[in-house]
Structure formats: structure tokens, C-alpha cells
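The values are calculated or read from the model by the stated rules, or taken from the named source; none is laboratory data. This structure is a prediction, so every number in the text was calculated from the model and none was measured. Glycine gets a Cβ as well: all are built from the backbone with ideal geometry, and neighbour counts include every protein chain shown. In case anyone asks, the SASA skips ligands and DNA or RNA and just uses the protein heavy atoms, side chains included. Shrake-Rupley method; radii C 1.70, N 1.55, O 1.52, S 1.80 Å.
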Amino acid sequence: MQMGIFYGIGVGPGDPELITMKGARILAQCRHVFVPKTRMEKESTALAIAERYLGSRSEIHELVFPMTNDRAELAQRWEEAGERIAAVIRDGADACFLTLGDPFLYSTYIYLLRVLRKHVPGIEVTTIPGVTSFNAAAALTEFAVSEGSESVHIVPTADNIEAVREALNIGGTVILMKVGKHLGKVLDLLEELGLLGKGVFVSRAGMEGQYIESNLRK
């Protein structure tokens, strides 16, 4: 039996109209749609963004990936999710996995794809890129991500605040993601380095509750 195709679809940062035409087309024709969520009782943000593009016969499969730093637990979740998707693929049906932003930027899709490559040799994969949150933030604030030969650094703030300092000292544009509860420390650091007036802050870009601030002193 011929195996199905696995599609990884980046649904963008929040605005449903930022999904690519290719992503929308594949979603409309793919029956098995796998969606990530952080806990069982919570709705999937990726699904909420993409649901208008689903076909009438779409079957939704929820995959829970808890917000934890326990690598063993995460690895087990990736394996379990991979097996559920692999079962559909081996049965000859196509499967889609939705991910916020872009599939290859801080996404669960990266780990899931590795599991599938390991357990389903020869699997056919098509990855559809998505608009990143910082692309959306730049558009909302008219903030140039890079000009001329300037460098760009993407830093996951939640992991290490000192990595933020190092990136800021290098120069160029620094994109700080996963700021969360570290916002106070980030603002203090920007003020210390005299950069508070050169940045912008965007939260929930394209979603309900979107917040934009170009004056970080507020």
C-alpha cells in the first residue's frame, strides 16, 4: 500500500489571513489534521487560526505537548504523537500538522518530524512555511528587521538573559522571543545599555488582545 503524505503547515502568528494560499489549499483537502495544545482542557491556538480553512470531512486529532523543561517527558510525547501520525500515513492517508508561526522556528514540528523520519523510512514530507511572529511585529510597527548589511540575531529570552546581553553587544537587530515573565529583566538590561528608546514590544500579534508599544519607558 502506498503511504500518505505528511504536511507540516505554518499557520502564522495569529491572523488567519496570514496563512499562505498553499497552506489553506492543503488544509481544505487533507482529512486528518493534527493540532498541538499545551494541556488537555485547553483549546488549540493553531486550530483556532486555521479552522476556517478546514474541509467538511476533516478529522481533528489533538496532540498534547505540556509546557515543561523535562526532556524525558517531552521526548515521550513526541514519540507518542509520531506514532499516531505514522499510523495514518502507513494506512495510505495524508496527514497535516499545524504549527504557529513557521514550522522550523522554535516549533514542536522539528522534533515530530525527526521521530517520523526515524519510524517511517521513506515518508514523503511537504513543509509549508509560515509568517513568523517577528515578521508580523515588524509590519505592525514599521520596524525594519534589517537594512543593508546589518546582522540579525534571534534570541529565546526565556532560556538565558545573559544571551540577550551578548546579542545586544554584538550589534545589529536583536529579536527577543519568548520574553514572558522576563520582561522586567529585559527592560532593565535595555535601559542599562542605553537601548530602551530603540526597540518595540508586540504581544499576541494578530490575535485578540494584541498589544503594541513603541515607547518602552511605559
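How big is Rg to Rh over the chain, alpha-carbon atoms, Rh as the Kirkwood inverse-mean-distance radius? Rounded to two decimals, Rg/Rh equals 1.01.
Normalised by the number of residues in the chain, the mean separation of alpha-carbon contacts (under 8 Å, six or more apart) gives a relative contact order of 24 percent. Database remark: amide H of HIS153 closer than 5 angstrom to the amide H of THR173, VAL174, ILE175 (H placed geometrically; neighbours at sequence offset of 5 or more, or on other chains; Pro and chain starts carry no H).
Rg and Dmax of region 56-168, both derived from C-alpha coordinates alone, stand at 17.7, 50 Å.
ALA139 sits among other residues whose Cβ lies under 13 Å from its own Cβ, and their net charge, with Lys and Arg +1 and Asp and Glu -1, is -3. Rolling a 1.4 angstrom probe over region 1-135 with all protein chains present gives an accessible area of which 50% lies on carbon and sulfur atoms. Estimated from helical segments only, the mean residue ellipticity of the chain at 222 nm is -10500 deg cm²/dmol, where each DSSP H run of four or more residues counts as -39500 (n - 2.57). Based on protein heavy atoms only, the chain ends up with 56 Å² per residue of surface accessible to a 1.4 Å probe. The portion of the accessible surface of region 146-218 made up by carbon and sulfur, rounded to a whole percent, is 47 (1.4 Å probe; DNA, RNA and ligands excluded). Restriction of the chymotrypsin sites (Phe, Trp or Tyr not before Pro) in region 56-140 to DSSP coil positions whose beta-carbon has at most 10 other beta-carbons within 10 angstrom yields no sites.
Can you give the relative contact order of region 127-218 as a percent, counting alpha carbon pairs under 8 Å and 6+ residues apart?
23 percent
Label region 1-93 by shape, choosing from rounded, prolate and oblate, from the square roots a ≥ b ≥ c of the eigenvalues of the Cα gyration tensor; if a/c is under 1.5 it is rounded, and otherwise prolate applies when a/b is larger than b/c, oblate when it is not.
The shape class here is oblate.
Highest GNM mean-square fluctuation, the chain, Cα pairs closer than 10 Å: which of ALA144, ALA81, ALA167? Sorting by GNM fluctuation, first place goes to ALA144.
Take every pair of alpha-carbon atoms less than 8 Å apart whose residues are at least six positions apart; their mean separation over the length of region 87-162 yields a relative contact order of 21 percent.
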